[in-house]
Amino acid sequence: MFASERIVYCYNCAVQRAPQIPAWIGLLLVGLLFASTAAYAQKEPAPDVPDAIQAPAGAEVVLFVHASGSQIYTCQAGADGKLAWTLKAPEAELKDRKDKVIGSHSAGPTWKLKDGSEVTGKAAAHVDSLDSDSIPWLLVNVVTNSGKGALANVTNIQRIHTRGGKAPAAGCDESHRDAETKSSYTADYYFYAPAAK
């Protein structure tokens with residue numbers, strides 16, 4: 001029996017056994033049952049990841065997004081004076097499970113949703129991607145939160161299932177100093193907040 005069928009069955013039983021209960025109370029109970037069932041169904045499970053990028057104990061997933069876009073690199077001199085492609089910023093769309101664009105990912109790094117909430121973060125740990133030609137998986141600690149939407153209480157972010165995004169292996173030389181290049185990538189991001197008590 002499906003959850004919705006059980007709910008209707010339970011409501012019918014209640015009405016038959018206790019006809020004195022006002023109809024609006026019964027309808028209210030059914031509404032609450034549907035709401036709790038929907039909330040349970042929509043809860044995003046934490047992904048299976050290496051220990052190095054596990055979210056802190058007591059945190060739970062509050063949002064999943066799939067990113068597609070680019071990692072932008074600039075040809076710059078490093079601390080050793082040698083020219084190399086250096087990450088400037090990501091530039092990506094963020095989509096939910098239904099493939100709807102709900103936000104963007106940009107310099108900071110920053111994740112901004114259309115609901116008005118926004119976070120910036122700093123990488124805390126990384127592991128190599130399962131795909132050797134792709135950027136690493138990350139655990140990010142949130143540095144700042146703003147807005148009252150889905151990201152308001154987020155404390156950590158995981159970047160996993162990466163594809164692409166690496167800097168070019170060559171092409172950064174004196175004739176290309178300060179040049180920019182984009183490397184296409186996709187990734188999944190999981191956003192964590194303290195579990196509700």
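Residues of segment 123-182 that are in a loop (DSSP other than H, G, I, E, B), closer than 18 Å to Lys112 by Cβ and open to solvent by 60 Å² or more (accessible area, probe 1.4 Å): Lys148, Asn153.
Can we say Lys197 is in a loop (DSSP other than H, G, I, E, B), open to solvent by 70 Å² or more (accessible area, probe 1.4 Å) and not β-branched (Val, Ile, Thr)?
Numbers: in a loop (DSSP other than H, G, I, E, B): yes; open to solvent by 70 Å² or more (accessible area, probe 1.4 Å): yes; not β-branched (Val, Ile, Thr): yes.
Considered against the rule, which asks whether it is in a loop (DSSP other than H, G, I, E, B), open to solvent by 70 Å² or more (accessible area, probe 1.4 Å) and not β-branched (Val, Ile, Thr), Lys197 comes out as yes.
For segment 143-171, a residue qualifies if it is within 16 Å of Ala107 (Cβ to Cβ) and among the β-branched types (Val, Ile, Thr), and the qualifying residues are Val143, Thr144, Ile157. Taking the criterion of being under 12 Å from Ser104 (Cα atoms) and in contact with a Lys or Arg (Cβ under 7 Å, 6 or more places away or on another chain), the residues of segment 65-92 that qualify are Val65, His66, Ser70. Just a yes or no: is a residue in segment 153-167 more than 30 Å from Glu44 (Cα to Cα) and in contact with an Asp or Glu (Cβ under 9 Å, 6 or more places away or on another chain)? Within segment 153-167 (the criterion being more than 30 Å from Glu44 (Cα to Cα) and in contact with an Asp or Glu (Cβ under 9 Å, 6 or more places away or on another chain)), the answer is no, since none of the residues qualifies. Within segment 100-111, take every residue that is under 15 Å from Ser68 (Cα atoms), without any contact (Cβ under 8 Å) to a residue 24 or more places away in the chain and not aliphatic (A, V, I, L, M) and give me the one that is surrounded by the fewest Cβ atoms within 10 Å (Cβ to Cβ). Among them, the one singled out is Lys100.
The values are calculated or read from the model by the stated rules, or taken from the named source; none is laboratory data. Computed from a prediction, not measured in an experiment: that's the story for all the values here. Because the Cβ atoms are built from the backbone with ideal geometry, glycine has one as well, and the counts that use them run over all protein chains shown. The accessibility values were calculated without ligands, DNA or RNA, using every heavy atom of the protein model including side chains. Shrake-Rupley method; radii C 1.70, N 1.55, O 1.52, S 1.80 Å.
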